[in-house]
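The values are calculated or read from the model by the stated rules, or taken from the named source; none is laboratory data. Worth saying up front: this structure is predicted, and the values here are computed from it rather than measured. So basically every Cβ, Gly included, is an ideal-geometry build from the backbone, and we count neighbours across all protein chains shown.
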Amino acid sequence: MAKNDEYSLPHKGMVLIASPDLLDPNFKRSVVLLCEHNSEGSFGLILNKPLNIKISDAVEDLADWDLPLNIGGPVQNNTIHVLHRRGDLISDSLEIDDGVFWGGNYEEIQSLVNTGQINAEEFRFFLGYSGWGIGQLEDEMQEDSWYQSSITNDLAFNTLPEKMWSNVLRRKGGDYAIIANTPEDVRLN
């Protein structure tokens with residue numbers, strides 16, 4: 001397995017790529033965007049786990065949007081989170097990096113959706129989130145459960161979820177490009 005040769009501390013905007021050895025069903029082959037990391041822990045959203053329902057099925061106020069709802073993680077799976085490209089129009093948005101924003105004023109999002117002022121392609125909605133307590137993520141990274149990369153607008157909004165894990169690893173190059181070809185069931189390798 002590739003050693004995490006570019007190890008740095010977790011930080012906002014870091015992308016975590018599950019190693020093939022990470023078999024926890026919540027995170028197997030997941031790509032997680034860290035939206036926040038501070039002295040209390042880490043908060044992230046899984047970018048490549050779509051559900052078989054639409055945001056309009058879960059949130060009445062967004063009934064006209066036919067966007068997929070994604071699994072953000074196993075924590076508080078009764079909450080909705082949003083990534084978007086419209087920090088210029090939505091107050092209280094937090095820029096993660098590279099024009100990728102998290103959260104913001106829900107009433108503004110709802111109004112912009114309902115008046116057709118924004119495009120659905122500029123948004124991704126998530127059910128629940130991924131969370132780590134103090135030091136937990138750092139420990140997992142030291143154990144090589146996670147590889148790391150950086151976020152791009154294209155990764156967050158234009159990469160097909162089913163290809164994201166292998167695409168991000170290939171983009172890293174070297175041994176990671178080889179790991180990208182690892183079958184889901186390593187016994188088939």
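For region 137-179, the set of residues classified as in contact with a helix residue (DSSP H, G or I) (Cβ under 6 Å, 6 or more places away or on another chain) and surrounded by fewer than 17 Cβ atoms within 10 Å (Cβ to Cβ) consists of Arg170, Ala177, listed by residue number. Restricting region 28-42 to residues that are under 24 Å from Thr182 (Cβ atoms) and out of contact with any helix residue (DSSP H, G or I) (no Cβ under 6 Å at 6 or more places or on another chain) leaves a set whose member that is surrounded by the fewest Cβ atoms within 10 Å (Cβ to Cβ) is Lys28. For Ile80, indicate whether it is within 18 Å of the chain's Cα centre (by Cα), under 16 Å from Glu162 (Cα atoms) and either part of a loop (DSSP other than H, G, I, E, B) or at pLDDT 90 or above (or both). So Ile80 does not fit the description; no.
Could we say that Asn119 is over 28 Å from Asp21 (Cβ atoms), under 13 Å from the mean Cα position of the chain (by Cα) and surrounded by fewer than 13 Cβ atoms within 10 Å (Cβ to Cβ) here?
no
With respect to Ala156, determine if the residue is in contact with a Lys or Arg (Cβ under 6 Å, 6 or more places away or on another chain) and in a helix (DSSP H, G or I). No; evaluated as a whole, the condition is false for this residue. Can you find, within region 43-77, the residue that is surrounded by the most Cβ atoms within 10 Å (Cβ to Cβ) among those that are assigned to a loop (DSSP other than H, G, I, E, B) and within 18 Å of the chain's Cα centre (by Cα)? Among those that are assigned to a loop (DSSP other than H, G, I, E, B) and within 18 Å of the chain's Cα centre (by Cα), it is Gly72. If you check Asp154 against the conditions, is it among the charged types (D, E, K, R) and at pLDDT 95 or above? No; evaluated as a whole, the condition is false for this residue.
Among residues of region 87-110 that are closer than 19 Å to Gly44 by Cα and among the acidic types (Asp, Glu), those with a Cβ under 6 angstrom from a residue that is outside any loop (DSSP other than H, G, I, E, B) and modelled with pLDDT of 95 or more, sequence gap 6+ or separate chain, pair up as Glu95/Phe101.
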